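The values are calculated or read from the model by the stated rules, or taken from the named source; none is laboratory data. Note that the coordinates shown come from a computational prediction; the quantities given were computed from them, not determined experimentally. In this analysis, Cβ positions are derived from the backbone assuming ideal geometry, glycine residues included, and neighbour counts consider all displayed protein chains.
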Amino acid sequence: MKIIHISDIHLTLPGEPMGGLDPHERLALAFADMAAHHADAARIVITGDLAHWGERGAYDALQAALADMSVPVRLMIGNHDDRDTFLKVFDGQPTDANGFVNHAETIGDTRFIYLDSVGARTHAGHFCAARRGWLRDELAACTRARLFMHHNPMPLGLPAEDKIALNAADRGPFEALIREYAPKIDYLHFGHVHAPVHGGWAGVRFASVPSTGNQSIPDLHEPDLLQGAPMAPAYCVILAGPEQTIIHQIPFAWDGPVIRTGTSWEDWSKPGQAAE
């Protein structure tokens with residue numbers, strides 16, 4: 001099964017830049033690349049920070065951009081989003097009984113669970129008891145699951161970034177829940193950090209994805225300031241099988257030369273020398 005994971009698109013009102021970039025142009029390039037190369041994907045999952053300032057016009061623009069997508073898209077919110085405004089525009093978006101943008105679906109034999117980790121007027125993640133109760137019910141009822149969320153639920157060894165990870169009060173209970181159901185969870189995918197980070201935590205494997213806008217520059221010492229730059233964007237292609245997960249990072253905006261080379265030994269011989 002092929003899943004497209006894209007995150008942190010940070011749309012503004014059309015025509016407004018974000019971090020010196022046009023986020024709408026970047027998203028259009030990403031969607032065009034997906035249409036050209038990955039129309040066979042089962043889903044496109046966008047893990048939050050849909051709108052940089054949570055404005056209605058940004059969500060309207062996203063809705064318009066999604067109109068012609070042939071692959072089903074699943075939307076999640078991040079710390080830059082406004083839940084109420086998002087739900088007014090995407091009024092068909094499923095939510096849980098408490099109004100959080102928690103939703104799930106079964107694809108093949110796997111429960112895809114999409115989490116709402118947004119708190120009010122804070123960039124740190126939140127996943128309260130009500131949300132944990134909903135997730136517990138989902139995990140208890142399925143045989144295998146794949147989780148998507150915006151915030152990284154664990155510290156990443158980046159002091160400034162870790163200040164806006166899942167907050168300390170919710171982190172412990174969330175970790176305990178994940179650890180309890182880890183044998184059922186194939187993978188945990190998240191955004192937020194604007195960089196690819198991979199590892200294991202609470203008995204499950206995890207991976208984050210770059211942004212379609214500015215990328216973060218990891219700093220394992222800086223305690224307060226986040227670092228970023230308008231470096232090349234990417235999205236990820238997840239090849240999900242019953243026994244493995246393979247993740248490819250796609251540099252969709254590259255417009256420079258592409259070098260194609262064969263795979264035989266002679267194809268890599270030094271020019272002018274006979275292969276030995």
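Looking at the stretch 51-69, can you tell me whether even one residue there is surrounded by fewer than 19 Cβ atoms within 10 Å (Cβ to Cβ) and in contact (Cβ under 8 Å) with a residue 60 or more places away in the chain?
Within the stretch 51-69, not a single residue is surrounded by fewer than 19 Cβ atoms within 10 Å (Cβ to Cβ) and in contact (Cβ under 8 Å) with a residue 60 or more places away in the chain.
Select, from N102, N98, the only residue that is surrounded by 13 or more Cβ atoms within 10 Å (Cβ to Cβ), within 19 Å of G125 (Cβ to Cβ) and modelled with pLDDT of 95 or more.
Working: N98 fails: surrounded by 13 or more Cβ atoms within 10 Å (Cβ to Cβ).
Being surrounded by 13 or more Cβ atoms within 10 Å (Cβ to Cβ), within 19 Å of G125 (Cβ to Cβ) and modelled with pLDDT of 95 or more holds for just one of N102, N98, which is N102.
Residues that are part of a loop (DSSP other than H, G, I, E, B) and among the charged types (D, E, K, R): does the stretch 200-222 have at least one? Before the answer, list the steps.
To start, the set of residues in the stretch 200-222 that are part of a loop (DSSP other than H, G, I, E, B) comprises 202-203, 209-210, 212-214, 217-222.
Filter once more, keeping what is among the charged types (D, E, K, R): 219, 222.
The answer is yes, given that some residue of the stretch 200-222 is part of a loop (DSSP other than H, G, I, E, B) and among the charged types (D, E, K, R).
Do we have I246 as exposed (fewer than 13 other Cβ atoms within 10 Å of the Cβ), outside any loop (DSSP other than H, G, I, E, B) and on the phi < 0 side of the Ramachandran plot here?
On the way: exposed (fewer than 13 other Cβ atoms within 10 Å of the Cβ): yes; outside any loop (DSSP other than H, G, I, E, B): yes; on the phi < 0 side of the Ramachandran plot: yes.
Judged against the criteria, I246 is a match.
Considering the stretch 118-171 alone, what residues qualify as being over 17 Å from the mean Cα position of the chain (by Cα), among the β-branched types (V, I, T) and either surrounded by 15 or more Cβ atoms within 10 Å (Cβ to Cβ) or within 25 Å of I238 (Cβ to Cβ) (or both)?
Hit for the stretch 118-171 is T143, nothing else.
Between a first residue in the stretch 250-264 that is surrounded by 10 or more Cβ atoms within 10 Å (Cβ to Cβ) and a second residue that is among the hydroxyl-bearing types (S, T, Y) and not in a loop (DSSP other than H, G, I, E, B), which pairs have beta carbons less than 9 Å apart while being 6 or more apart in sequence or on different chains?
Hits for this filter: I250/Y235; F252/Y235.
Please enumerate the residues belonging to the stretch 205-226 that are in contact (Cβ under 8 Å) with a residue 24 or more places away in the chain and surrounded by fewer than 20 Cβ atoms within 10 Å (Cβ to Cβ). First the steps, then the outcome.
Kept after step one, since they are in contact (Cβ under 8 Å) with a residue 24 or more places away in the chain, are these residues of the stretch 205-226: 205-214, 216, 218-226.
Hits for the stretch 205-226 are R205, A207, P218, D219, L220, H221, E222, P223, D224, L225, L226.
Provide a single number: the residues in the stretch 154-183 that are assigned to a loop (DSSP other than H, G, I, E, B) and not hydroxyl-bearing (S, T, Y).
Start the filter on the stretch 154-183 by keeping residues that are assigned to a loop (DSSP other than H, G, I, E, B), which leaves 154-158, 163-165, 167, 181.
Pick out the ones that are also not hydroxyl-bearing (S, T, Y) and you get 154-158, 163-165, 167.
Final tally of qualifying residues: 9.
Among (1) touching an Asp or Glu at 6+ places or on another chain (Cβ under 9 Å); (2) acidic (D, E); (3) farther than 26 Å from P153 by Cβ, there is one condition D81 misses while meeting the rest; what is its number?
Among (1) touching an Asp or Glu at 6+ places or on another chain (Cβ under 9 Å); (2) acidic (D, E); (3) farther than 26 Å from P153 by Cβ, D81 violates only (3).
Take the conditions surrounded by fewer than 18 Cβ atoms within 10 Å (Cβ to Cβ), farther than 23 Å from S211 by Cβ and in contact (Cβ under 8 Å) with a residue 24 or more places away in the chain and apply them to K88. Does it pass? Step through it out loud before you land on a result.
Working: surrounded by fewer than 18 Cβ atoms within 10 Å (Cβ to Cβ): yes; farther than 23 Å from S211 by Cβ: yes; in contact (Cβ under 8 Å) with a residue 24 or more places away in the chain: yes.
Answer is yes for this residue.
Can you give me the number of residues within the stretch 13-22 that are in contact with a helix residue (DSSP H, G or I) (Cβ under 6 Å, 6 or more places away or on another chain) and surrounded by 15 or more Cβ atoms within 10 Å (Cβ to Cβ)? So that I can check it myself, show each step before the final result.
If we filter the stretch 13-22 for residues that are in contact with a helix residue (DSSP H, G or I) (Cβ under 6 Å, 6 or more places away or on another chain), which is where we start, we get 13-14.
If we keep only those that are surrounded by 15 or more Cβ atoms within 10 Å (Cβ to Cβ) too, we end up with 13.
Total meeting the criteria: 1.
Restricting attention to the stretch 26-43, does a residue exist that is over 29 Å from D186 (Cα atoms), more than 14 Å from the chain's Cα centre (by Cα) and surrounded by 20 or more Cβ atoms within 10 Å (Cβ to Cβ)?
Yes, there is a match, as at least one residue in the stretch 26-43 is over 29 Å from D186 (Cα atoms), more than 14 Å from the chain's Cα centre (by Cα) and surrounded by 20 or more Cβ atoms within 10 Å (Cβ to Cβ).
Go through the stretch 42-51 and report how many residues are in a loop (DSSP other than H, G, I, E, B) and among the hydrophobic types (A, V, I, L, M, F, W, C).
First, the residues of the stretch 42-51 that are in a loop (DSSP other than H, G, I, E, B): 42, 48-50.
Now restrict to residues that are among the hydrophobic types (A, V, I, L, M, F, W, C): 42, 50.
Number satisfying all stated conditions: 2.
When the stretch 88-124 is examined, which residues are found to be farther than 23 Å from P153 by Cα and of a type in the set (F, W, Y)?
Residue satisfying the conditions is F90 alone.
Please enumerate the residues belonging to the stretch 14-28 that are at pLDDT 95 or above, of a type in the set (A, V, I, L, M, F, W, C) and touching a strand residue (DSSP E or B) at 6+ places or on another chain (Cβ under 9 Å).
L27
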